[in-house]
1. Would you check if ARG29 is among the basic types (Lys, Arg) and over 27 Å from LEU603 (Cα atoms)?
2. Select from the range 247-271 the residues that are closer than 13 Å to ILE168 by Cα and not in a strand (DSSP E or B) and list them in ascending order.
3. Which of the following residues is buried (at least 17 other Cβ atoms within 10 Å of the Cβ) and basic (Lys, Arg): ARG617, ARG605?
4. List the pairs whose first member sits in the range 557-568 and is surrounded by 24 or more Cβ atoms within 10 Å (Cβ to Cβ), whose second member is among the hydroxyl-bearing types (Ser, Thr, Tyr), and whose Cβ atoms are under 6 Å apart, counting only residues at least 6 apart or on separate chains?
5. Here is a list of conditions, (1) in a strand (DSSP E or B); (2) assigned by TED's automatic domain parsing to the domain that holds ASP173, and VAL335 meets all of them except one; can you say which number that is?
6. Tally time: how many residues in the range 368-379 are out of contact with any His (no Cβ under 7 Å at 6 or more places or on another chain) and crowded, with 18+ Cβ neighbours inside 10 Å?
7. Search the range 586-599 for residues being outside any strand (DSSP E or B) and surrounded by 20 or more Cβ atoms within 10 Å (Cβ to Cβ), and hand back the single one that is nearest to the chain's Cα centre (by Cα).
Amino acid sequence: MSLLERIHSPADLKALSRAQIHQLAAEIRHVIIQTVARRAGHLAPNLGVVELTLALHRVFDSPRDKILWDVGHQSYPHKLVTGRFERFDTLRSLGGLAGYPMRSESEHDPFGTCHGSTSISAALGFAVARDLCGENHHVVAVIGDGALTGGMAFEGLNNAGELKRRLIVILNDNEWSISRNTGAIARYLTKLTTSRVYRAFERDVYELLGRLPRLGRQAQLAARRVKEGLQNLVVPGVLFEELGLKYFGPIDGHDFDVLEETLSDLRRFEGPVLLHVVTTKGKGYGPAEGDAGTFHGVGVFDPETGTASKSARRTYTQVFGETAIEIAARMPRVVAVTAAMTDNTGLKGFAKQYPDRFFDVGMAEEHGVTFSAGLAASGMVPLTAIYSTFLQRAFDSLIHDVAVQDLHVVLCVDRAGLVGEDGAPQHGAFDIGYLRMIPGMVVMAPKNGEELRDMLWTAVHHRGGPVAVRYPRANIPEETMPAREPRLLALGLSEQLRAGGDVAIVALGTMVQPALAAAELLAAEGVSATVVNARFASPLDEHAIVGLARSVGRIVTVEENVPMGGFGSAVSECLDRHSLSTVALQRVALPEHFVTHGKRDELLRTVGLDPPAIARRTLDWVRAHQRQYT
């Protein structure tokens with residue numbers, strides 16, 4: 001039996017020897033590599049926090065003490081030592097463990113995290129609640145892997161420094177920003193400044209200087225400046241100290257002994273402290289250490305070689321990246337903006353070919369959208385590529401900074417709809433509603449890769465304000481795309497793909513192909529269906545909708561978005577405007593609850609958005625409607 005198999009809770013770690021801790025760290029890395037190789041997921045970030053996780057759970061007493069993992073893609077080692085080893089092989093599968101912390105999954109997950117930069121704010125909430133309830137436990141926020149580039153993290157730090165609650169923030173720095181030759185000095189300073197002797201000396205000296213007549217205050221301030229000056233010869237702690245947090249570090253995040261000793265010392269502090277830990281992203285796995293960006297989040301791969309299993313099918317994201325380069329070659333004012341997602345949004349090639357016209361703003365979507373607004377106001381045409389779930393964070397910027405000023409920002413909304421194994425916090429289930437409600441916003445969704453290319457071309461040539469093009473995390477339906485010039489689409493014009501007299505199915509984006517397949521199944525049941533590719537959620541092709549309402553009399557809308565405020569809502573509103581509210585309308589959409597994690601095809605089938613389900617729901621509805629009027 002391996003050591004890991006004997007770890008059923010963090011309490012089991014406390015009896016292990018140093019040799020056993022190192023053995024356990026190796027076993028954890030092996031299990032993570034083998035599991036992610038089969039299941040896909042976040043590899044490099046998790047390999048980098050193994051020793052840190054073990055030290056945290058040796059020093060603190062979870063679940064009594066609260067440990068929050070920012071972003072959440074650093075939580076696999078945490079899951080393995082908190083009673084989830086036996087289920088770890090189900091990671092990110094339907095009905096299995098989530099890829100992120102979930103409150104419903106374990107008492108050791110006090111707060112669900114997935115979007116970056118939230119941990120400090122949430123941890124401060126836990127700390128204040130603890131104090132108000134008269135409780136006595138520790139609260140730890142582990143932030144890093146880019147999350148400190150988000151403004152919310154600094155808002156949390158600012159408030160933590162003001163409230164002065166007992167709180168430990170651990171900055172997991174894995175970007176090689178601290179050179180190795182400062183390690184020994186920094187390690188010595190950290191050990192010194194966290195010791196009881198140093199803190200007692202610091203307090204006594206400050207109190208003594210404060211008692212000296214007239215010069216006491218000046219001497220105290222001078223001593224503080226000397227201390228900060230000496231520390232910051234080797235450590236960048238002034239920012240955090242000025243925000244009101246005691247700063248310690250940087251320390252080696254893979255030296256378990258130093259981690260455990262330092263964390264034990266930090267338990268004694270009554271106010272907020274920040275520990276700066278330097279780790280290697282992908283630690284312990286050669287391919288991930290050599291290319292941490294590629295191995296940040298990976299698909300299925302060969303664990304022996306690190307070679308990924310590549311699909312022969314191209315994805316919407318790849319088509320976007322290729323089209324962005326094509327557009328930039330023809331339009332010098334086009335630039336690309338993303339928020340810490342260069343590779344995953346398909347912009348790696350753009351960044352290489354046009355480095356002066358590419359901008360990664362970090363994990364800061366709100367800033368990214370307003371930055372794009374500034375570019376647009378200056379005559380540039382920004383292609384702003386942000387996941388649907390992350391664009392939610394920039395909603396105010398979309399209204400206040402882009403739409404109100406009628407600025408031509410092209411929002412390239414990747415991961416729209418169900419994203420599969422990443423689960424509820426990552427599904428792009430709301431963007432149609434929150435985008436189409438904004439006055440002047442054009443919202444498009446392509447049925448395939450060819451149409452995505454046309455839509456992007458149309459978007460950059462749009463003469464009005466903002467345009468959003470939403471597309472999924474999926475392969476394009478066709479095997480190849482014909483080599484032709486991109487076409488400009490008429491604004492708000494739909495496309496009829498099939499004619500039928502019993503029902504009209506109006507589908508948007510990813511649901512067009514399933515709707516066509518559903519029409520074939522309906523035909524076998526004797527039901528003739530018109531199928532329309534809506535193309536636009538805003539502006540809606542009202543002429544086509546009114547025509548279908550009067551000629552067919554039954555309309556089914558299909559979308560990969562929640563029904564509230566979505567494309568079906570737009571069609572319903574259109575019918576109301578034209579006094580056609582009595583026309584039969586069936587809206588097929590995502591359910592009105594959060595969808596779990598699993599393979600995308602599995603989830604579409606589960607929520608009733610695959611062809612058989614669309615056909616069955618349409619058939620039942622049409623027959624019920626026919627019976628009602630016979």
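1. The answer is yes for ARG29.
2. THR262, LEU263, SER264, ASP265, LEU266, ARG267, ARG268, PHE269, GLU270, GLY271
3. ARG617
4. Filtered contacts from the range 557-568: GLU560/THR510; PHE567/THR557; GLY568/THR557.
5. Failing condition for VAL335: (2).
6. 7
7. Only one residue fits best here, namely HIS597.
Okay, residues lined up against (1) in contact with a helix residue (DSSP H, G or I) (Cβ under 7 Å, 6 or more places away or on another chain); (2) within 18 Å of THR315 (Cα to Cα):
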residue	(1), (2)
ARG463	no, no
LEU491	no, no
GLY501	no, no
VAL506	yes, no
MET511	no, yes
GLU520	no, no
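The values are calculated or read from the model by the stated rules, or taken from the named source; none is laboratory data. Being a predicted model, the structure only gives us computed values, none of them experimental. When we count neighbours, we look across all protein chains shown, and the Cβ atoms used for this are built from the backbone with ideal geometry, even at glycine.
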